[in-house]
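Student: Dropping the structure in here first, questions after.
The values are calculated or read from the model by the stated rules, or taken from the named source; none is laboratory data. Treat the numbers as computed from the prediction; the structure is a model and nothing was measured. Using ideal geometry, Cβ is built from the backbone for each residue, glycine included, and neighbour counts are taken over all protein chains shown.
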Amino acid sequence: MSLPSTAIEPLRFREALGHYASGITVITSHIDGEPIGFTCQSFHSVSMSPPLVSFSVMSGSASYPKIRRAGRFAVNILSDEQVGISNQFARRGTDKWRGIEWQESPLGNPVIAGSLHWLDCEIYAEHVAGDHLIVIGEVKALNLQEAAAAQPLLYFKGQYRNIAVHGVV
Ligand SMILES: Cc1cc2nc3c(=O)[nH]c(=O)nc-3n(C[C@H](O)[C@H](O)[C@H](O)COP(=O)(O)O)c2cc1C
């Protein structure tokens with residue numbers, strides 16, 4: 001028996017979403033002397049006034065309950081030299097911080113060395129959405145130093161990419 005045409009098959013859904021190219025971030029926080037972090041593609045801008053951003057996190061995330069408790073997080077926007085960092089922070093149950101250089105942001109969140117840019121946020125709201133939570137953050141501080149040569153790490157159709165040609169369309 002064939003499925004009704006309205007059924008969204010998970011693999012197809014994933015594949016469709018893969019056509020939307022994005023950057024990659026690591027969402028970090030710090031609580032009880034422990035740095036926290038996970039790789040996150042679902043970072044978005046939300047509002048200019050107040051300055052709000054969002055990310056979606058799966059409800060089974062081990063990191064997010066700690067981030068919620070801390071009440072704040074940093075968004076580390078990765079550069080194309082940080083593929084290893086993206087993979088490292090996507091592996092649950094491992095020492096994600098092994099070999100990672102970082103320093104504290106103004107709000108006390110870890111800022112990963114070599115990131116393209118960072119934003120320092122306080123949790124503003126949280127909404128349940130299916131098997132994920134949408135977390136809204138109010139931006140309280142920003143990176144003020146531009147890393148001139150750095151290029152973004154991109155993600156498209158399930159693979160890491162970089163901007164091969166430094167041209168503007
Ligand atoms: C490229 C990439 C993008 C990801 N984006 C997200 C995301 O937007 N939200 C999310 O919850 N997990 C995302 N993940 C998966 C988490 O990084 C991964 O499940 C991580 O182990 C969660 O760690 P935790 O359980 O310690 O929180 C992504 C993974 C990769 C490799």
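Student: For the list (1) surrounded by 12 or more Cβ atoms within 10 Å (Cβ to Cβ); (2) modelled with pLDDT under 95, I need the number of the one condition that residue 119 fails.
Tutor: (2)
Student: While we're here: Residues 53, 46, 57: which one is assigned to a strand (DSSP E or B), more than 14 Å from the ligand (Cβ to nearest atom), at pLDDT 95 or above and surrounded by 16 or more Cβ atoms within 10 Å (Cβ to Cβ)?
Tutor: After applying the criteria, what remains is 46.
Student: Hey, another quick one. Can you list the strands (runs of 3 or more DSSP E) found entirely within region 84-169 that contain at least 1 residues being within 16 Å of the ligand (Cβ to nearest atom)?
Tutor: 110-112, 117-129, 132-142, 154-156, 159-161
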